[in-house]
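The values are calculated or read from the model by the stated rules, or taken from the named source; none is laboratory data. It should be emphasised that the depicted structure is a prediction, and the values quoted were computed from it without experimental measurement. FYI the Cβ positions are ideal-geometry reconstructions off the backbone, even for glycines, and counts take in every protein chain you see.
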Amino acid sequence: MNRRKRVYIACPISRPDTPAGLLANIRRADAAMLALLRAGFAPFNPALSVYAGGVDTGHGVSEELPAVYATAHKLANGEFRTDVSHADWLAMGFAWIEVSDAVLRLPGESVGADAECEHAGKVGVPVFCDIEELMAAMGAAVTPSSADREPAA
């Protein structure tokens, strides 16, 4: 049985210029994750970690259905306190990179994503900045449709 090739998605997360920038970063990573999944890969999307913030009952849609706020959104607004440091998040990412077959580096300034790509190079994991190049090099089972390509910034 062939296993799916694992792809770590390195992308800007924690320091967006604006809340809209954060949302664009998350959407770009989600689009890449779905395209890779549909192409037969097993992607790991660390941008999903922004949803590790828990439930905020003070801003609920209704009394019965509180809204779930993302950690990164709360950090951006100074409303969330956590004992998980940037170094902790990077260490988790490095562990996933070490068992990955490739890293996909999405566009945007990011000290964390740059560190992840540097770590990938140190452990011999190839880094790609283009999803189609990654798929061609890694043997994608299918090609992504235009609907799966990353949204324009």
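Can you pull out every residue in segment 85-135 that is of a type in the set (A, V, I, L, M, F, W, C) and touching a Gly at 6+ places or on another chain (Cβ under 8 Å)?
Restricting attention to segment 85-135, the residues satisfying the condition of being of a type in the set (A, V, I, L, M, F, W, C) are 87, 89-92, 94-97, 99, 102-104, 106, 111, 113, 115, 117, 120, 123, 125, 127-129, 131, 134-135.
The answer is 89, 90, 127.
Taking segment 113-135 as the range and being surrounded by 19 or more Cβ atoms within 10 Å (Cβ to Cβ) and either small (Gly, Ala, Ser) or free of Cβ contacts under 8 Å to residues at least 12 places away in the same chain (or both) as the test, the residues that pass are 113, 120.
Within segment 1-24, not a single residue is modelled with pLDDT of 75 or more, touching a Cys at 6+ places or on another chain (Cβ under 9 Å) and assigned to a helix (DSSP H, G or I).
Counting only residues that are of a type outside the set (A, V, I, L, M) and surrounded by fewer than 16 Cβ atoms within 10 Å (Cβ to Cβ), how many does segment 23-37 have? Show your work before the answer.
Residues of segment 23-37 that are of a type outside the set (A, V, I, L, M), as a first pass: 25, 27-28, 30.
Right, trim to surrounded by fewer than 16 Cβ atoms within 10 Å (Cβ to Cβ) and you get 27.
Final tally of qualifying residues: 1.
Among the residues of segment 67-90, is there at least one that is part of a helix (DSSP H, G or I), at pLDDT 95 or above and exposed (fewer than 14 other Cβ atoms within 10 Å of the Cβ)? I'd like the intermediate steps shown before the answer.
Step one: list which residues in segment 67-90 are part of a helix (DSSP H, G or I), which gives 71-77, 86-90.
Adding the requirement that they be at pLDDT 95 or above leaves none.
No, because not a single residue in segment 67-90 is part of a helix (DSSP H, G or I), at pLDDT 95 or above and exposed (fewer than 14 other Cβ atoms within 10 Å of the Cβ).
Considered as a group, the residues in segment 40-59 that are crowded, with 18+ Cβ neighbours inside 10 Å and modelled with pLDDT of 95 or more include one that is nearest to residue 108 (Cα to Cα), and that residue is 45. For the structure I just gave you, tell me whether residue 64 is loosely packed, with under 11 Cβ neighbours inside 10 Å, modelled with pLDDT of 55 or more and in a loop (DSSP other than H, G, I, E, B). For residue 64, the condition - loosely packed, with under 11 Cβ neighbours inside 10 Å, modelled with pLDDT of 55 or more and in a loop (DSSP other than H, G, I, E, B) - is not met.
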